[in-house]
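Shown next, in structure tokens, is the structure this report addresses.
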Amino acid sequence: MKKILRMVGLVLVVVLVGTSVWAGGQQEQPMEQKLVMAMVTNQSGLGDQSFNDAAWEGLGMAEQKLGIERKVLEAREQAQYVPNLSTLAEQNAAVIFGVGFMIKDAVQEAAEMFPDTKFSIIDGVVDLPNVASVGFKENEGAFLVGAIAAKVSKTGIIGYVGGMSTPVTNRMEAGYRAGAMTANPNIKVLVSYAGTFADPAKGEEMASPQYDQGADVIFQVAGQTGLGVINAAKKKDKFVIGIDRDQNYLAPANVLSSMIKRVDNAVFSVCEMVKNGKFVAGTYSYGLKENAVDYAKTGNLIPADVIKYAEMLRGKILDGSIMPPGTYDQLDAFTPPSL
């Protein structure tokens, strides 16, 4: 009888030990798989020191703060947009960003093909239940750098070089020209479009004649093409205004300012919604009020009185006294305020 009891006790010990090992075995279970959040660049690709790099930095913020894994597929031509978006959807990315207005139609097509995948378009609007469309009031920031350019100019001539003519680049041109005429009603603004966001040589080719015609400040809104505008400014020893990020480091003596566009924060905001299970499709628009657009003061090249003037204009935009135009029609109807 005692022998039987000892055997029963031994079995119980084995069962208890086994249960303990099983309970403690949680450490051996596979780690939770990270959410993958991805982007498809426009033709400028990474390394544009501008729009795409800012979006990639937004995913980097999400990687650091939200513990996600980031991926990117670069598209050097429009034919790659839909295949790249589809590839990421097939890989079960938690959210896929299409960067730039030029990729809008591709996001529309991919989002319809993959209705259970979350997408976000930066600088475009896609009206689908699985797409967050993120836009910016670039005309507000462009208005301020236009006023700065006109105030700093000694020749009374300034320039604008865009990449491709799109609603976004046109919106910045309209705001820039309105800000310039507000600061100087007699200002002359030279305008050129390169027809590409991915050709620095073309940017230099567009900018050099403007400088030769007397422009002493040019606002470039051209992705990698804009790097050529900055190069022209260096060669001509003139001023240039950067775009999207603070680009002063590219030419500290020549980049007067940059129109900051917080693409990184916008991307991170969408990532945070997805991570927290609170993704909401629809249209999001960010401007001065949301600290999403601004102008850079790095390099201390803008005179103090000009900064004071720009800050006064900022206040009037925020209180609704000034409404910077965002289209050519609005620009035609714009009357510079009496200040």
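The values are calculated or read from the model by the stated rules, or taken from the named source; none is laboratory data. No experiment lies behind these values; they were computed from the predicted model shown. Glycine also receives a Cβ, built like all others from the backbone with ideal geometry; neighbour counts cover every protein chain displayed.
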Considering segment 108-120, residues that are under 14 Å from residue 279 (Cα atoms) and in contact with a helix residue (DSSP H, G or I) (Cβ under 8 Å, 6 or more places away or on another chain), and then whichever is surrounded by the most Cβ atoms within 10 Å (Cβ to Cβ), we arrive at 120
Filtering segment 245-266 down to residues that are out of contact with any Asp or Glu (no Cβ under 8 Å at 6 or more places or on another chain), crowded, with 24+ Cβ neighbours inside 10 Å and closer than 21 Å to residue 37 by Cβ yields 266
The condition of being touching a Phe, Trp or Tyr at 6+ places or on another chain (Cβ under 6 Å), in a loop (DSSP other than H, G, I, E, B) and at negative phi holds, among 44, 120, only for 44
Note: among 143, 97, just one is surrounded by 18 or more Cβ atoms within 10 Å (Cβ to Cβ), of a type outside the set (Ser, Thr, Tyr), in the same structural domain as residue 246 (by TED's automatic domain parsing) and touching a residue at least 60 places away in the same chain (Cβ under 8 Å), namely 143
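Just a yes or no: is a residue in segment 193-210 under 18 Å from residue 309 (Cβ atoms) and outside any loop (DSSP other than H, G, I, E, B)? Spell out how you get there, then give the answer.
So the first thing to find is which residues in segment 193-210 are under 18 Å from residue 309 (Cβ atoms), and the list is none.
Among the residues of segment 193-210, not one is under 18 Å from residue 309 (Cβ atoms) and outside any loop (DSSP other than H, G, I, E, B), which makes the answer no.
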Across segment 210-237, the tally of residues that are without any contact (Cβ under 8 Å) to a residue 60 or more places away in the chain and of a type in the set (Phe, Trp, Tyr) stands at 1
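Considering only segment 147-165, state which residues are among the β-branched types (Val, Ile, Thr) and either surrounded by fewer than 21 Cβ atoms within 10 Å (Cβ to Cβ) or part of a strand (DSSP E or B) (or both).
Within segment 147-165, 152, 155, 157, 158, 161 meet the criteria.
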- Might you check whether a residue that is among the β-branched types (Val, Ile, Thr) and either within 30 Å of residue 112 (Cα to Cα) or within 24 Å of the chain's Cα centre (by Cα) (or both) occurs anywhere in segment 314-325? yes
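So, in segment 246-282, of the ones that are in a helix (DSSP H, G or I) and among the aliphatic types (A, V, I, L, M), which residue ends up nearest to residue 207 (Cα to Cα)? Walk me through it before giving the result.
Filtering segment 246-282 down to residues in a helix (DSSP H, G or I) leaves 248-250, 263-275.
If we keep only those that are among the aliphatic types (A, V, I, L, M) too, we end up with 250, 263, 266-267, 270, 273-274.
On the way: 250: 16, 263: 26, 266: 30, 267: 31, 270: 36, 273: 41, 274: 42 Å.
Restricting to residues being in a helix (DSSP H, G or I) and among the aliphatic types (A, V, I, L, M), the top hit is 250.
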Being farther than 29 Å from residue 314 by Cβ, crowded, with 21+ Cβ neighbours inside 10 Å and acidic (Asp, Glu) narrows 237, 199, 216, 212 down to just 199
Filtering segment 285-312 for residues that are within 24 Å of the chain's Cα centre (by Cα), surrounded by 18 or more Cβ atoms within 10 Å (Cβ to Cβ) and not in a loop (DSSP other than H, G, I, E, B) leaves a count of 5
Residues in segment 124-140 that are assigned to a loop (DSSP other than H, G, I, E, B), surrounded by 22 or more Cβ atoms within 10 Å (Cβ to Cβ) and touching a residue at least 60 places away in the same chain (Cβ under 8 Å) total 1
Condition set under 20 Å from residue 172 (Cα atoms) and polar (S, T, N, Q), scope segment 288-327, selection modelled with the lowest pLDDT: answer is 291
Scanning segment 251-282 residue by residue, the ones that are out of contact with any helix residue (DSSP H, G or I) (no Cβ under 8 Å at 6 or more places or on another chain), of a type in the set (S, T, N, Q) and not assigned by TED's automatic domain parsing to the domain that holds residue 94 total 0
